Amino acid sequence: MGLLRIAVVRAWRRRLALLLMACGLAGAAAPVSEYQLKAVFLFNFSHFVEWPTASLPEQSARFVIGVLGKDPFGSYLDDVVRGETVNGHPLAVERYSSIEEIRDCQILFIPAAELTHLERILAALKGRSVLTVTDTDGAAPRGVIIGLLRQDNRIRLRIDLEAARANNLTISSKLLRPAEIVRAGS
C-alpha cells in the first residue's frame with residue numbers, strides 16, 4: 001500500500017474513532033455494528049463531495065441526509081450528525097417512506113429492498129444533485145453513485161464517477177483513493 005493511501009486510511013480511522021467517541025460508542029462492551037459504520041460513512045461523504053452552490057442556496061438551509069424506505073440505521077445516523085455542520089449548513093436526517101416524499105436532500109441512502117424501484121427513484125432525483133448511496137451486495141446498480149459493500153468483514157466503497165458527473169457532483173480524490181471505481185452497472 002502506498003504511503004498516501006496509508007495516510008488516508010489512518011485519517012479515516014481517526015475520524016471514525018473520534019465520531020464514535022462523540023457518539024458514546026467507543027469503549028462500549030458491544031462491537032461496532034455494520035450500520036454504525038455506514039452511518040459514519042454517510043456523514044463523511046458530506047465532507048468529501050462537492051455540491052453545486054445552487055443545491056444549497058441559503059446559508060441557513062439544512063444539509064439533509066435522507067433514508068428511503070425501511071431505515072436500517074435506527075438512531076445511529078441521528079447520533080453521528082447531531083450538532084454537525086457542512087460548510088456552515090446544519091446537518092439533518094430525514095426519513096422517507098415513499099419516493100414522492102423526497103424534497104430537498106443532498107445524500108440519499110437507498111436500502112437494497114428499495115432497489116426494485118430504482119428507475120423511479122433516479123427519475124425523481126434527476127437534475128437535483130443528490131448523492132445516491134446503497135449497500136446492496138454485488139454489482140453497483142446503474143445510476144447509484146456510491147455502493148457500500150461488505151467484503152471480508154470490511155466496508156468497501158464502489159464509486160460510479162459517471163453517475164456523479166451526471167448529478168453535477170465532484171468527489172474528492174481522498175474519497176476516490178480507497179474506493180473501487182466502476183462504470184455504471186458494472
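A compact table of results
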{"quantity": "Subset of segment 157-172 (residues that are modelled with pLDDT of 95 or more, over 20 Å from Ala123 (Cα atoms) and open to solvent by 40 Å² or more (accessible area, probe 1.4 Å))", "calculated": "Thr170"}
{"quantity": "Total residues in segment 30-49, condition among the polar types (S, T, N, Q) and open to solvent by less than 10 Å² (accessible area, probe 1.4 Å)", "calculated": "2"}
{"quantity": "Wholly enclosed helices (runs of 4 or more DSSP H) of segment 86-186 bearing at least 3 residues farther than 18 Å from Glu50 by Cα", "calculated": "118-125"}
{"quantity": "Index of the failed condition, Pro90 passing every other in (1) out of contact with any strand residue (DSSP E or B) (no Cβ under 9 Å at 6 or more places or on another chain); (2) open to solvent by less than 60 Å² (accessible area, probe 1.4 Å); (3) of a type outside the set (A, V, I, L, M)", "calculated": "(1)"}
{"quantity": "Segment 173-183: number of residues that are surrounded by 15 or more Cβ atoms within 10 Å (Cβ to Cβ) and touching a strand residue (DSSP E or B) at 6+ places or on another chain (Cβ under 6 Å)", "calculated": "2"}
{"quantity": "Out of Ser60, Ser75, Ser97, sole residue that is out of contact with any His (no Cβ under 9 Å at 6 or more places or on another chain), polar (S, T, N, Q) and more than 16 Å from Tyr35 (Cα to Cα)", "calculated": "Ser97"}
{"quantity": "Some residue of segment 48-63 being in a loop (DSSP other than H, G, I, E, B), under 13 Å from the mean Cα position of the chain (by Cα), in contact (Cβ under 8 Å) with a residue 12 or more places away in the chain and over 22 Å from Ala164 (Cβ atoms)", "calculated": "no"}
{"quantity": "Subset of segment 137-156 (residues that are hydrophobic (A, V, I, L, M, F, W, C) and modelled with pLDDT of 85 or more)", "calculated": "Val144, Ile145, Ile146, Leu148, Leu149, Ile155"}
{"quantity": "Filter result (of a type in the set (A, V, I, L, M) and surrounded by 21 or more Cβ atoms within 10 Å (Cβ to Cβ)) within segment 50-75", "calculated": "Val64, Ile65, Val67, Leu68"}
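The values are calculated or read from the model by the stated rules, or taken from the named source; none is laboratory data. A quick note: this is a predicted structure, and the numbers were derived from the prediction, not measured. For neighbour counting, all protein chains shown are included, and Cβ atoms are generated from backbone atoms with ideal geometry for every residue, glycine included. All accessible areas refer to the heavy atoms of the entire protein, side chains included, with ligands and DNA or RNA removed. Shrake-Rupley method; radii C 1.70, N 1.55, O 1.52, S 1.80 Å.
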